[in-house]
Amino acid sequence: MASTTFSGPVTSTNGFIGALTGNVTGNVTGNVAGSGSITHATKSAINATATATAAQVATGYITSTSAAATAITLPTGTLLGAALGATQGTVFDLYVDNTAGASTVTMVVAVNGILSSGAADTPGSFGDLTIAAGVTGLARFTIMFSSATAYVFTRTA
């Protein structure tokens, strides 16, 4: 099959078939079929207690290799919303990888960010903001925007 390049919106009433390559920007709706895996081309390293920049969070994948306990504070809702182009209803997954770390990483929610009711009601699971070091040191958090400048934060894996 031939390759075609478009420079504008593309719509199909019957869906698209085949592999998607390159970068995708903007809103994606519907189902994404395929291998079910996501590879983050860009990762951000935060190896000491700090406030993550919006650009670091926008990569979707943060690593930590610290030997000391580390706290990562998320950016404000205003900064993160601007970096992601968020509006009410935007949902974003953030992965934190502490498998090469020697101590825990704790996530901290910033101004205009709140823990979801699930996180507040069930702190041992959805509200668990601490990521262990070593082989079990992986976590996924979902950030849901209630407006362009405010988000709700939940641990989802």
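Read-outs throughout are calculated quantities, based only on the coordinates presented, and are distinct from any laboratory measurement. In this text, all values refer to a predicted model and were calculated from it rather than measured experimentally. Please note: Cβ atoms are built from the backbone with ideal geometry, for glycine as well, and neighbour counts cover all protein chains shown.
Listing for the model above:
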item	result
Residue-span extension gain [ALA45 to ALA71] - 0.36 nm each, minus C-alpha spacing	8.1 nm
Volume of the Cα convex hull of the stretch 37-79, divided per residue and given in Å³	78
Label point distance in nm, GLN88-SER103, each placed 7 Å from Cα along Cα→Cβ	4.3
Taking the stretch 45-155 and dividing mean pair separation by its residue count, relative contact order in percent (alpha carbons under 8 Å, at least six apart)	30
The stretch 45-155 pair-distance distribution - Cα-Cα, 10 Å bins, rounded %	16, 49, 30, 4
